[in-house]
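Enquirer: The structure's right below; bear with me while I get my questions together.
The values are calculated or read from the model by the stated rules, or taken from the named source; none is laboratory data. Since this is a predicted model, take the numbers as computed values, not measurements. Backbone-built Cβ (ideal geometry, glycine too); neighbour counts: all protein chains shown.
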Amino acid sequence: MDFATLLGLISGLALVVAAIMMGGEMNLFVDLPSVMIVFGGTFGTIFVAFPFEEVKQALGAGFKAFSSRKVQVREVVNIMVKIAEISRREGLIALEHVKTENMVLKKACQLIADNADPSLIRSTLTIEITSMKRRHKVGEEVFKRLGSLAPSFGMIGTLIGLVQMLANLNDPKAIGPAMAVAIITTFYGSVLATVIFLPIATKLKARTMQEELQLEVIFEGAKSILENNNPMLVYEKLSSFLAPRERK
Amino acid sequence: MDFATLLGLISGLALVVAAIMMGGEMNLFVDLPSVMIVFGGTFGTIFVAFPFEEVKQALGAGFKAFSSRKVQVREVVNIMVKIAEISRREGLIALEHVKTENMVLKKACQLIADNADPSLIRSTLTIEITSMKRRHKVGEEVFKRLGSLAPSFGMIGTLIGLVQMLANLNDPKAIGPAMAVAIITTFYGSVLATVIFLPIATKLKARTMQEELQLEVIFEGAKSILENNNPMLVYEKLSSFLAPRERK
Amino acid sequence: MDFATLLGLISGLALVVAAIMMGGEMNLFVDLPSVMIVFGGTFGTIFVAFPFEEVKQALGAGFKAFSSRKVQVREVVNIMVKIAEISRREGLIALEHVKTENMVLKKACQLIADNADPSLIRSTLTIEITSMKRRHKVGEEVFKRLGSLAPSFGMIGTLIGLVQMLANLNDPKAIGPAMAVAIITTFYGSVLATVIFLPIATKLKARTMQEELQLEVIFEGAKSILENNNPMLVYEKLSSFLAPRERK
Amino acid sequence: MDFATLLGLISGLALVVAAIMMGGEMNLFVDLPSVMIVFGGTFGTIFVAFPFEEVKQALGAGFKAFSSRKVQVREVVNIMVKIAEISRREGLIALEHVKTENMVLKKACQLIADNADPSLIRSTLTIEITSMKRRHKVGEEVFKRLGSLAPSFGMIGTLIGLVQMLANLNDPKAIGPAMAVAIITTFYGSVLATVIFLPIATKLKARTMQEELQLEVIFEGAKSILENNNPMLVYEKLSSFLAPRERK
Amino acid sequence: MDFATLLGLISGLALVVAAIMMGGEMNLFVDLPSVMIVFGGTFGTIFVAFPFEEVKQALGAGFKAFSSRKVQVREVVNIMVKIAEISRREGLIALEHVKTENMVLKKACQLIADNADPSLIRSTLTIEITSMKRRHKVGEEVFKRLGSLAPSFGMIGTLIGLVQMLANLNDPKAIGPAMAVAIITTFYGSVLATVIFLPIATKLKARTMQEELQLEVIFEGAKSILENNNPMLVYEKLSSFLAPRERK
């Protein structure tokens, strides 16, 4: 459970709500047609820009950003050193039985166990890493786009409200409240983009970079095991991926 | 038929229209000179920025984005494995008879069948892929530009309306309706860009990336067939392009 | 004569003018100090940002974008195949007499005729292509900058008008017309950038990409002639630069 | 102690405060709900976008930007020449005892002393440098994001104030002061971003580039020591990293 | 003396002043607190973002952009051909006595005269060129930042003015002049950025590109002299850097 993310999100929204309530009633900021334009428009249009499958995956990834545990690079380095030790003690063939949920690590172990050509291992892992990056990038792009659609529909809603108000300027007293309503869509769009969509896009980007780093550790580790099967040297090289304070 | 795209487009526009009708009459938002400025200006200027041929192709590609079926990477991987099997059973020369609509796959089969030099195959396919990317990128750029021209002409229309209104401030009652009309061009420009042009540009970009991926599968597959004509190894390598859940 | 470009430009401007005239008199939109600020400021400042020579060349290139005929990639492919045939029939030395206005093609023929070292040919043509790109890029950048200077001076003019109007708020009736004049500079700046400067920048970019493509065809063709002087193979390789429907 | 940075920060803020006080009282610009929205919102949301650890490190790095001494590239060049001299006089093994706080220099000395394979040294140092860059880039990105969150929450606060004011237009006299308060959040957001967050992001970027340069000097120096252990040649090569006036 | 730059700068500013004077008095646009906020804020904050030394160098480089003569690429090509002739007639050792102010050319001559290893020459000159680029880029970045700080402080000043005006809406007659003053900071910021800071940044960028081009000519020339000491071939290759009309 990623506590800081949730706390940040809640405290950010809570402060905005508190500031609103210090200046007046909350229900000034609730308006059904505004919700329809901003939420409906944003989520309708996202399906024009991206295929249904990708949006579904992206929303899932965005939700997981709050709940899943981050695998540390440190752990991946340790796994690679352990694999180096196994392969040294029991031979490369022993890697066939390594159990892992990481697809790339699994493929690396299989290829090493099959005694595949180093250039084949290199090109296969490169494809594997590039494909994973490509799949992960979609989540980030969907949330970035949501973060630009929401303010755009906010502005469209405000323009609609302004046109309707200006066309009926008979009652000067009605101007204020009508403009207040017109502005609410811009408010919705800004809050959605600033507090929710764009920070989640950044978080997904950080996740992707984290995973890329792990894949690079696996890639460099596999190369080291093939070239020079010495667990000490494997650690020496892979520890360069860690921050100084994380090293042994 | 790409159902989600169409549904997204229709629901996005329908929600905007519904929200408009909850606040007043629809015909407040219809104005001929505004249509002339925004639509006419946008489509006139796009021909200054891009050659006639490219705009035509881009509009066609944009329309196809709603109707055409997406070829899955999975299918291309299967085709390459099948080709590897054919070439193994019947010799490389058999690839001359492979039937396909994909220009790059066709050229790859021909070159392999002609027993061409691997470096020639590599450089020819690289040129083929780069040229295809270049041609596809144009569609995306035309729609991106339409998406920036529409709001610009929206603003130009609003400036025209404001100048005309401000120069004739005799009747205070006319200010409101005149400004309402002035704002309509900005509304048109924003809706066109947000709901139609920019999402289609994104969809075309995704299509291009999809096709690039297929070309890379063909490229890597052709290399594998030449180097080591083993259907199992070809699948092992090409399956790295697929998401884990799509693999056998 | 590039008909579509001119038609697009004229129809874009004509629609804006027509829309203006539907709403009032044209001379509301003509104001001498506004012309001075936007045109004078934009063209004065462009000489601070770019050397005199480069601005002159860029304006010339912008004008040519409307008048010059586009050389098709198809034609360059045909020329290279013809050169391959000549060099096969009459020997590489015959290329000395090939007549062409294209500097890069001329240099390529000379170097091949001189029987120069392939690595020298490659590095010389690479420099030639890079230098040409560098020279062509300037035109695009000058027009892009004009397209950002014009709206900036438009805003500066509007700020000047607002300050002068606000400082003299004695006569309420004068506010409207004064603001109308203040807004005109923003209108000028937007129209110049949207309808003229930015589309020409895009057109020049497309031209440059077109020429780059031709240089690549020449480069790959020259390499093919040197490596394997077979017109059929030269065509086979170079046709990859063409769209499928342009191939024989 | 980085005097110019502190002086710039203080003088920038002091001038803004002085200009405020020339036009009225300072307490017009102090408002609790506005502080809550801009500061609370910005610092709450930064924890949604970045993990807790990274924000903590970034704030620490931002603070250090004012206090820490900059290591000159000149000094690193001198150290590398001294190491070259030691290794020449006492053999490569003597590098084991070089004392330094720089992790990369330490690893370089160890690897040379261990008589490691040059390709291993190259790949290990490359990983070390890439990892350090990745860690340092986070600080810059956190401050850049703070610099875009602050104006966004400023605008959100102003929208809240406008809605509340417009919904209660009963007392015309209250309009002015209410709008003044509404605008204050935009003012807070702009000042935070312009004077504090964005300049610190730039300073952290400059620090990172400085450190990268030092790592490149170490990298090139280590390569020179291995290839050709001549202190004169090492200096000749590394001095190319220095500005002409810094060379001996 | 760079006449066009100066003329452009003066004419741009003169036109703005002339347009101001056609609409009223010049002293409407002079206001001390506004000068303090925009100039003081911009130049105070630039020292937070960049070290003192770099700002000093950048301002010097910006001033030199108006005064210094541009070295033509043509001249550098001629120098390299002359050096090739000297080295052919009198041997490579004669290059030790070549006199030049260009640090890179000097180092190239020294290394050739010392009969250094070609790979050492290549790597040393590469470092030299990269370091020079890095140093020159700073000037451009300082002016770009000044060009974004000035409008930001302009907006901050306008926000301050608006808050002060709105909080004291007692006298309706004072509103106009107070807003006029508030807007002046935005005017200052826009003029500084548009007419001075951003164009100088572009000019410095062009200078840097010019110098890079010269360094590439020196680099390619040195390589040619080492590989094949024939002045004719050296010219043949280096003339590719020139525009067609500049060639012999």
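Enquirer: Tally the residues that are over 14 Å from D:Met209 (Cβ atoms) and free of Cβ contacts under 8 Å to residues at least 24 places away in the same chain, restricting the search to the range E:127-144.
Expert: 1
Enquirer: Right, next: I need the full set of residues from the range B:79-91 which are out of contact with any Cys (no Cβ under 8 Å at 6 or more places or on another chain) and in contact (Cβ under 8 Å) with a residue 60 or more places away in the chain, in order please. Quick ask: steps written out before the conclusion?
Expert: Kept after step one, since they are out of contact with any Cys (no Cβ under 8 Å at 6 or more places or on another chain), are these residues of the range B:79-91: B:79-82, B:84-91.
If the condition is that a residue be out of contact with any Cys (no Cβ under 8 Å at 6 or more places or on another chain) and in contact (Cβ under 8 Å) with a residue 60 or more places away in the chain, then B:Met80, B:Val81, B:Ala84, B:Glu85, B:Ser87, B:Arg88 are the ones that fit.
Listed here are the residues, each with its yes/no results for (1) closer than 26 Å to D:Met179 by Cα; (2) among the acidic types (Asp, Glu).
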| residue | (1), (2) |
| --- | --- |
| A:Glu25 | yes, yes |
| A:Leu28 | yes, no |
| A:Ile37 | no, no |
| A:Glu53 | no, yes |
| A:Lys56 | no, no |
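Enquirer: Right, something else. Being touching a Leu at 6+ places or on another chain (Cβ under 8 Å), among the hydrophobic types (A, V, I, L, M, F, W, C) and closer than 30 Å to D:Val73 by Cα narrows it down to one of E:Leu120, E:Leu149, so name that one.
Expert: Exactly one residue qualifies, and that residue is E:Leu120.
Enquirer: Also: Inspect the range B:65-73 for any residue being away from chain C (no Cβ under 13 Å), on the phi < 0 side of the Ramachandran plot and surrounded by 16 or more Cβ atoms within 10 Å (Cβ to Cβ) and give the result as yes or no.
Expert: yes
Enquirer: Would you check if there is a residue in the range D:71-88 being part of a helix (DSSP H, G or I), in contact with an Asp or Glu (Cβ under 7 Å, 6 or more places away or on another chain) and under 23 Å from D:Glu212 (Cβ atoms)?
Expert: yes
Enquirer: Hey, among the residues in the range C:1-53 that are farther than 21 Å from B:Met36 by Cα and more than 14 Å from chain E (Cβ to nearest Cβ), which one's surrounded by the most Cβ atoms within 10 Å (Cβ to Cβ)?
Expert: If we take residues in the range C:1-53 being farther than 21 Å from B:Met36 by Cα and more than 14 Å from chain E (Cβ to nearest Cβ), then C:Asp2 is surrounded by the most Cβ atoms within 10 Å (Cβ to Cβ).
Enquirer: Sticking with this structure for a sec: In the range A:98-120, how many are farther than 16 Å from B:Leu238 by Cβ, in a loop (DSSP other than H, G, I, E, B) and more than 31 Å from the chain's Cα centre (by Cα)?
Expert: The qualifying residues number 3.
Enquirer: State whether the residues of the range B:149-162 include one that is among the hydrophobic types (A, V, I, L, M, F, W, C) and either surrounded by fewer than 18 Cβ atoms within 10 Å (Cβ to Cβ) or within 14 Å of C:Ala243 (Cα to Cα) (or both).
Expert: No, there is no match, as no residue in the range B:149-162 is among the hydrophobic types (A, V, I, L, M, F, W, C) and either surrounded by fewer than 18 Cβ atoms within 10 Å (Cβ to Cβ) or within 14 Å of C:Ala243 (Cα to Cα) (or both).
Enquirer: Taking the range C:143-180, which residues are more than 9 Å from chain E (Cβ to nearest Cβ), hydrophobic (A, V, I, L, M, F, W, C) and closer than 19 Å to E:Ala193 by Cβ?
Expert: Answer for the range C:143-180, where residues must be more than 9 Å from chain E (Cβ to nearest Cβ), hydrophobic (A, V, I, L, M, F, W, C) and closer than 19 Å to E:Ala193 by Cβ: C:Leu146, C:Ala150.
Enquirer: Enumerate the pairs (first residue in the range E:226-248 and touching a residue at least 24 places away in the same chain (Cβ under 8 Å) and within 11 Å of chain C (Cβ to nearest Cβ); second residue anywhere and among the basic types (Lys, Arg) and exposed (fewer than 14 other Cβ atoms within 10 Å of the Cβ)) with beta-carbon separation below 7 Å, excluding pairs fewer than 6 apart on the same chain, so at least 6 apart or on different chains.
Expert: From the range E:226-248, the pairs are E:Ser239/E:Arg247.
Enquirer: Of everything in the range A:215-248, what is under 27 Å from the mean Cα position of the chain (by Cα) and within 14 Å of D:Met132 (Cα to Cα)? Give them in sequence order.
Expert: Within the range A:215-248, A:Leu238, A:Ser239, A:Ser240, A:Phe241, A:Leu242, A:Ala243, A:Pro244, A:Arg245, A:Glu246 qualify.
Enquirer: Working carefully through the options A:Ala201, A:Ala206, find the one that is small (Gly, Ala, Ser) and surrounded by fewer than 22 Cβ atoms within 10 Å (Cβ to Cβ). Don't jump to the end; show me each part of the working.
Expert: Details: A:Ala201 fails: surrounded by fewer than 22 Cβ atoms within 10 Å (Cβ to Cβ).
Matching residue, one of A:Ala201, A:Ala206: A:Ala206.
Enquirer: Then there's this: Please tell me if C:Leu204 is assigned to a helix (DSSP H, G or I), farther than 24 Å from C:Met103 by Cβ, more than 8 Å from chain B (Cβ to nearest Cβ) and not basic (Lys, Arg).
Expert: no
Enquirer: Give the residues of the range A:210-223 that are within 9 Å of chain D (Cβ to nearest Cβ) and touching a Lys or Arg at 6+ places or on another chain (Cβ under 7 Å), sorted by residue number.
Expert: Once the filter is applied, which keeps residues that are within 9 Å of chain D (Cβ to nearest Cβ) and touching a Lys or Arg at 6+ places or on another chain (Cβ under 7 Å), the range A:210-223 yields only A:Glu220.
Enquirer: When you go through E:Glu211, E:Glu227, E:Glu216, E:Glu236 one by one, which is the residue that is closer than 30 Å to E:Phe63 by Cβ and modelled with pLDDT under 85?
Expert: When all the criteria are applied, what remains is E:Glu211.
Enquirer: Please verify whether A:Glu212 is part of a helix (DSSP H, G or I), within 25 Å of the chain's Cα centre (by Cα), surrounded by 19 or more Cβ atoms within 10 Å (Cβ to Cβ) and in contact (Cβ under 8 Å) with a residue 12 or more places away in the chain, treating the condition exactly as stated.
Expert: Numbers: part of a helix (DSSP H, G or I): yes; within 25 Å of the chain's Cα centre (by Cα): yes; surrounded by 19 or more Cβ atoms within 10 Å (Cβ to Cβ): no; in contact (Cβ under 8 Å) with a residue 12 or more places away in the chain: yes.
Judged against the criteria, A:Glu212 is not a match.
Enquirer: Within the range A:153-193, how many residues are without any contact (Cβ under 8 Å) to a residue 24 or more places away in the chain and part of a helix (DSSP H, G or I)?
Expert: First, the residues of the range A:153-193 that are without any contact (Cβ under 8 Å) to a residue 24 or more places away in the chain: A:159, A:162-179.
Retained after the next criterion (residues that are part of a helix (DSSP H, G or I)): A:159, A:162-167, A:172-179.
Qualifying residue count for the region: 15.
Enquirer: For the range D:98-113, indicate whether the set of residues that are under 30 Å from D:Ile200 (Cα atoms), facing chain A (nearest Cβ under 10 Å), aliphatic (A, V, I, L, M) and free of Cβ contacts under 8 Å to residues at least 40 places away in the same chain is non-empty.
Expert: Looking through the range D:98-113, at least one residue is under 30 Å from D:Ile200 (Cα atoms), facing chain A (nearest Cβ under 10 Å), aliphatic (A, V, I, L, M) and free of Cβ contacts under 8 Å to residues at least 40 places away in the same chain.
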